[in-house]
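Taking it in order: structure first as structure tokens, then the write-up.
The values are calculated or read from the model by the stated rules, or taken from the named source; none is laboratory data. Everything numeric here is computed off the predicted structure, so don't read it as measured data. All Cβ positions, even for glycine, are placed from backbone atoms using ideal geometry, and neighbour counts span all protein chains on display.
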Amino acid sequence: MVWGCELVAGTINAMYNIDQHDYSVRLKAAQKFLKDGDKVKVIVNLKGRENEFRNIAIALLRRFQEEIGELATEESKNFRERNIFIILAPNKAVLQKAQDQPKKREKPASTEISAGV
């Protein structure tokens, strides 16, 4: 998706009163996008009276950013309009560090047992 002049691969939409399970699903999706090296835009939509709960929505975005941790850095944010958003860019140093670590080898399946019929 194109937002302005920058390319954002993943967009995560949420409401200010999101359920814990829905929140964790969106958090895992954002972590997957960031590990793939893509930017993520997290949007909290506020409609009508919900603008009175803007502080809850901002706290939700801050919590989301804290739980992502050092996997991403904040690129830009907008807390003024009806749709509050934050754009997270992957932290290149953390991604490089994760790729450099050797993966565990799988043991070959040489001890197979066949069923004699």
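Can you tell me which residue is surrounded by the most Cβ atoms within 10 Å (Cβ to Cβ) among those in segment 67-81 that are closer than 16 Å to ASP38 by Cβ and among the acidic types (Asp, Glu)?
First, pick out the residues of segment 67-81 that are closer than 16 Å to ASP38 by Cβ: 68, 71-76.
In the following step, the residues that additionally are among the acidic types (Asp, Glu) were identified as 74-75.
Numbers: GLU74: 12, GLU75: 15.
Here the residue is GLU75.
Give, as residue ranges, the helices (runs of 4 or more DSSP H) completely inside the chain that count at least 2 residues that are at pLDDT 90 or above, within 17 Å of the chain's Cα centre (by Cα) and of a type in the set (A, V, I, L, M, F, W, C). Break it down into steps so the answer makes sense when it comes.
On the way: elements: 20-35, 54-68, 92-100.
Fully inside the chain and qualifying: 20-35, 54-68.
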